[in-house]
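The values are calculated or read from the model by the stated rules, or taken from the named source; none is laboratory data. Everything numeric here is computed off the predicted structure, so don't read it as measured data. No Cβ is skipped: glycine too gets one built from the backbone with ideal geometry, and neighbour counts run over all protein chains shown. These area figures cover heavy atoms from the full protein model, side chains too; ligands, DNA and RNA do not enter into them. Shrake-Rupley method; radii C 1.70, N 1.55, O 1.52, S 1.80 Å.
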Amino acid sequence: MSTASLSRKALSNSIIINAAAILLIYFTPALTHFLNFPLYLIEPMRLMLVLAMIHSDRRNAYLLALTLPLFSYAVSAHPVIYKMLLITAELLFNVWLFYTLRNRMKNTFAAMASAIVISKSAYYGLKAIFISAALVGPGLISTPLWIQVITTLIFSGYAMLFFKNKA
């Protein structure tokens, strides 16, 4: 394949992922109501970020990490501004960690799982500081940890399968 076809493919993947991400974030409240299931529990922003890291390129993953929380805030005023900043920082850190760890570990599952766990830990540390400063409301952990473990395993397993099949 030529470089031009690769960049076209990466561009098309980015456009599809970004459009799906925007639609998912935009319609999450309506889908939650329609399905009678709290869709936020499956971490739709992280889901789209993981898809971007796997199926597009680093720049697009950073773009989504930076803009999805902002887009969510702009269309629904949720999450609140300080939590939006926390989520943005967490997602940006997640992207950086994944690419850094993937280059060092050569194990995609471990790199993705570690990136998610470390970025979530940083998020909870910063959130605790924001709670103590009364910038965000009380309640450190809103999504049960067992659900976070399951989504982390699913996202990491998907990354491992994709890159294993690509090799």
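Overview of results
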| item | result |
| --- | --- |
| On Cα atoms only, tilt of 58-76 relative to the major axis of the chain in degrees | 30 degrees |
| Angle in degrees between helix 108-132 and the longest Cα principal axis of the chain, rounded to the nearest 10 | 20 degrees |
| Relative contact order (percent, whole number), the chain, Cα cutoff 8 Å, 6+ residue spacing | 20 percent |
| Under 5 Å, built H, 5+ apart or other chain: amide partners of VAL136 | ILE131 |
| For the chain, accessible area per residue (1.4 Å probe, heavy atoms of protein chains only), Å² | 57 Å² |
| Overall dimensions of the range 85-125 as given by Cα atoms, namely Rg and Dmax in Å | 9.8, 31 |
| Cα convex hull of the chain, projected area averaged across orientations, nm² | 10.2 nm² |
| Gained length - LEU140 relative to TYR124, 0.36 nm times residue gap less alpha-carbon distance | 5.1 nm |
| Order of exposure, largest accessible area first, which applies to ARG58, ARG104, ARG8 with probe 1.4 Å | ARG104, ARG8, ARG58 |
| ARG58 paired with ALA133, simple spin-label distance in nm, labels 7 Å along Cα-to-beta-carbon | 3.0 nm |
| Local electrostatic count, GLY139, Cβ distance below 15 Å [Lys/Arg +1, Asp/Glu -1] | +2 |
| Portion, in percent, of the accessible area of the range 1-150 that falls on carbon or sulfur, probe 1.4 Å | 72 percent |
| With Cα atoms, 0 to 90° folded angle of helix 44-55 axis to the chain main axis | 10 degrees |
| Rg and Dmax of the range 25-123, Cα atoms only, in Å | 13.8, 43 |
| Gain in span if fully extended, ILE147 to TYR40, counting 0.36 nm per residue against the direct Cα distance | 37.4 nm |
